[in-house]
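Undergrad: One structure, as structure tokens, below. Some questions next.
The values are calculated or read from the model by the stated rules, or taken from the named source; none is laboratory data. No experiment lies behind these values; they were computed from the predicted model shown. Cβ atoms come from the backbone with ideal geometry, glycine included; neighbour counts cover every protein chain shown.
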Amino acid sequence: MRKPPAITSENSLRSGSIIFGPSRGIRKNMQVYSRIFRCRKDGFDFMGQIKIDLQETVVNVEVFNAIYFDCFDTSPKNIISALEKTLLTKLLSEKNLPASSREAILSLSSKGKTKNKQPSTLDLINDYKVNLKEIFDKLNTEYFGSKIKANIEWGKKVNKNNLTSFRFGSYDPEKRLIRIHPRLNQSFVPLSVLELTVHHEMCHQWVPMKRERGMWIAHHLQFKEKEREYRFYDEARSWEKENWKKLMGPASKTSAPIEQTKTIEITTLTG
């Protein structure tokens with residue numbers, strides 16, 4: 001199987017698996033929130049620390065082992081920027097995160113105020129074969145602690161030149177089955193868009209539907225918070241909003257090979 005192009009951009013870096021050390025006691029009027037972390041990359045453990053200035057809303061990341069930077073084919077500046085984003089996303093997933101720290105991290109994530117932020121780039125699927133199971137396993141390890149139990153497959157390719165709407169993906173809780181629409185398996189589609197769709201459907205198992213005010217809600221607050229943990233969420237969503245008409249048009253003849261064919265319901269743009 002052909003592999004994706006070499007990783008060089010900040011938004012494409014895979015920083016490694018992050019484990020935080022215990023949180024220190026929270027003091028009143030605390031100005032800096034800091035955590036020690038361990039990052040496992042290429043079979044090695046690297047130690048570091050993240051500090052968030054709650055007053056100025058800025059973040060600083062330090063890696064204690066300089067050899068960590070040898071794991072990447074890009075500048076230390078880009079590596080630290082990517083690592084910052086990974087650490088902030090990981091912190092937001094902690095249920096006991098102090099309210100003041102959560103507010104600062106959300107501000108950093110949404111407004112892009114992390115230091116050394118670089119222009120975003122989106123790696124395209126191009127012509128290499130996409131393996132949904134590999135994507136599922138990678139996301140499961142990074143965002144769900146390998147606790148999502150489900151199968152994943154492509155939906156059936158629908159022979160229509162133009163669509164008025166379609167669902168990117170779906171999750172069947174009874175069968176524990178995720179289906180992804182084959183229109184996302186085209187050369188012009190960024191890999192992050194496909195990954196976000198898979199991540200979205202996995203979130204349906206992680207944070208199931210809730211009953212609120214007499215109605216069952218699938219995309220409730222906890223679901224949306226979990227979905228936004230995906231590191232390229234903003235980039236992928238922006239691409240979707242700008243390119244939805246292209247996705248509705250005739251399917252590309254250069255689409256990557258489909259692994260499986262199963263029926264998929266054509267309904268709405270997002271599932």
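Undergrad: Could we say that TRP206 is in contact with a helix residue (DSSP H, G or I) (Cβ under 9 Å, 6 or more places away or on another chain) and of a type outside the set (Val, Ile, Thr) here?
TA: yes
Undergrad: For region 17-65, what are the residues that are in contact with a helix residue (DSSP H, G or I) (Cβ under 8 Å, 6 or more places away or on another chain) and outside any strand (DSSP E or B)?
TA: Selection gives MET30, ASP42, LEU54, THR57.
Undergrad: For region 164-183, check the following and say yes or no: at least one residue is of a type outside the set (A, V, I, L, M, F, W, C), assigned to a loop (DSSP other than H, G, I, E, B), modelled with pLDDT of 90 or more and on the phi > 0 side of the Ramachandran plot.
TA: Scanning region 164-183, I find at least one residue that is of a type outside the set (A, V, I, L, M, F, W, C), assigned to a loop (DSSP other than H, G, I, E, B), modelled with pLDDT of 90 or more and on the phi > 0 side of the Ramachandran plot, so the answer is yes.
Undergrad: I've got another one for you. Examine region 110-132 for a residue that is modelled with pLDDT under 90 and assigned to a helix (DSSP H, G or I), and state whether such a residue exists.
TA: yes
Undergrad: Suppose we filter region 206-239 for residues that are under 16 Å from the mean Cα position of the chain (by Cα), within 24 Å of LEU91 (Cβ to Cβ) and part of a helix (DSSP H, G or I); how many remain?
TA: 13
Undergrad: Give region 186-196 a look and list any residue that's closer than 22 Å to TYR143 by Cβ, surrounded by fewer than 23 Cβ atoms within 10 Å (Cβ to Cβ) and either touching a strand residue (DSSP E or B) at 6+ places or on another chain (Cβ under 9 Å) or not assigned by TED's automatic domain parsing to the domain that holds GLY155 (or both), or say none.
TA: PRO190, LEU191, LEU194
Listed here are the residues, each with its yes/no results for (1) of a type in the set (A, V, I, L, M, F, W, C); (2) modelled with pLDDT under 85; (3) over 21 Å from SER187 (Cβ atoms); (4) out of contact with any helix residue (DSSP H, G or I) (no Cβ under 8 Å at 6 or more places or on another chain).
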residue: ALA99; (1), (2), (3), (4): yes, yes, yes, yes
residue: ASN140; (1), (2), (3), (4): no, no, yes, no
residue: TYR143; (1), (2), (3), (4): no, no, yes, no
residue: ILE148; (1), (2), (3), (4): yes, no, yes, no
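Undergrad: Check region 23-31 and report whether any residue there is modelled with pLDDT of 85 or more and not charged (D, E, K, R).
TA: yes
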